[in-house]
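The values are calculated or read from the model by the stated rules, or taken from the named source; none is laboratory data. On a predicted model such as this, the values are computed, not experimentally measured, just so you know. Cβ coordinates were reconstructed from backbone atoms using ideal geometry, including for glycine residues, and neighbour counts include every protein chain displayed.
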């Protein structure tokens with residue numbers, strides 16, 4: 001692996017790079033066995049086995065067009081609850097994309113970046129006893145997508161009509177992430193303000209229900225623990241801690 005000459009906001013942490021890899025998530029986990037610095041990044045031009053947050057889904061990306069990386073955080077350096085970190089990651093990505101492009105994005109709970117109803121980035125988070133791993137896949141300069149997803153997918157280039165400097169954008173994301181980690185509960189207000197389909201009737205697949213129940217109701221935002229609040233027809237507020245909004 002090479003080390004990129006980038007100014008990582010996490011002190012002394014390197015940004016590693018491979019032209020092609022199976023997945024940056026697996027690269028980070030293999031390297032973590034020998035110990036790595038808080039804020040270390042593993043990036044690539046192309047993932048041969050990239051995967052999404054939902055089991056069985058693949059991440060489709062053209063080589064050399066998008067931004068794919070995994071950020072590794074040491075759990076002994078973190079003050080936030082572990083289950084808050086995926087939402088903090090989403091808030092950081094939204095904040096960085098908004099400032100970098102000047103466009104208005106929203107966040108589909110828990111952490112998909114949305115523009116005009118179409119997805120342009122996804123996040124996969126995992127953890128072990130020592131590290132938290134945050135993998136991001138962001139459509140930057142890709143303009144052609146597989147037919148089965150092109151109607152619900154977009155890229156920053158399609159949105160802005162200009163080429164995206166992926167290294168500069170990576171540094172922007174890392175800076176936003178570090179800032180939110182150092183800013184207490186600021187992430188909650190960011191997620192609330194830019195929450196996709198807030199106040200609208202939605203359907204959510206409840207990932208913690210044994211049968212993966214579909215919950216239908218009005219999106220009432222998030223609670224202090226990051227859970228999605230759904231007001232059912234009966235008026236009862238259902239709290240969803242893991243799952244996916246169906247669109």
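Brief remarks follow.
- Whichever residue in region 155-166 is out of contact with any strand residue (DSSP E or B) (no Cβ under 9 Å at 6 or more places or on another chain) and in a helix (DSSP H, G or I) and, among such residues, is nearest to residue 119 (Cα to Cα): 157
- Residues of region 73-114 that turn out to be farther than 21 Å from residue 230 by Cβ and surrounded by fewer than 22 Cβ atoms within 10 Å (Cβ to Cβ), as a count: 17
- Given (1) in contact (Cβ under 8 Å) with a residue 24 or more places away in the chain; (2) assigned to a helix (DSSP H, G or I); (3) surrounded by fewer than 16 Cβ atoms within 10 Å (Cβ to Cβ), number of the condition residue 189 does not satisfy: (1)
- Qualifying residue in region 83-98 (condition: more than 21 Å from residue 140 (Cα to Cα) and either outside the structural domain of residue 30 (by TED's automatic domain parsing) or modelled with pLDDT under 95 (or both)): yes
- Checking each residue of region 175-182 against the condition of being surrounded by fewer than 20 Cβ atoms within 10 Å (Cβ to Cβ) and at pLDDT below 95 gives no match.
- When residues of region 25-65 are limited to those that are at pLDDT 95 or above and assigned to a loop (DSSP other than H, G, I, E, B), the one nearest to residue 154 (Cα to Cα): 39
- Between 161, 157, the distinction of being under 30 Å from residue 4 (Cα atoms) and over 21 Å from the mean Cα position of the chain (by Cα) belongs to 161 only.
- The strands (runs of 3 or more DSSP E) found entirely in region 197-247 that carry 3 or more residues being in contact with a strand residue (DSSP E or B) (Cβ under 7 Å, 6 or more places away or on another chain) and more than 22 Å from residue 105 (Cα to Cα) are 214-222, 237-240.
- Hey, residue 154 more than 29 Å from residue 68 (Cα to Cα) and at pLDDT 95 or above or not: no
Residue-by-condition table, conditions (1) modelled with pLDDT of 95 or more; (2) in contact with a strand residue (DSSP E or B) (Cβ under 9 Å, 6 or more places away or on another chain):
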position: 102; (1), (2): yes, no
position: 106; (1), (2): yes, yes
position: 131; (1), (2): yes, yes
position: 136; (1), (2): yes, yes
position: 148; (1), (2): no, no
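- You will find that of 124, 174, the residue that is within 19 Å of residue 74 (Cα to Cα), in a helix (DSSP H, G or I) and either within 13 Å of the chain's Cα centre (by Cα) or in contact (Cβ under 8 Å) with a residue 60 or more places away in the chain (or both) is 174 and no other.
- Residues being crowded, with 16+ Cβ neighbours inside 10 Å and modelled with pLDDT of 90 or more - total across region 192-219: 11
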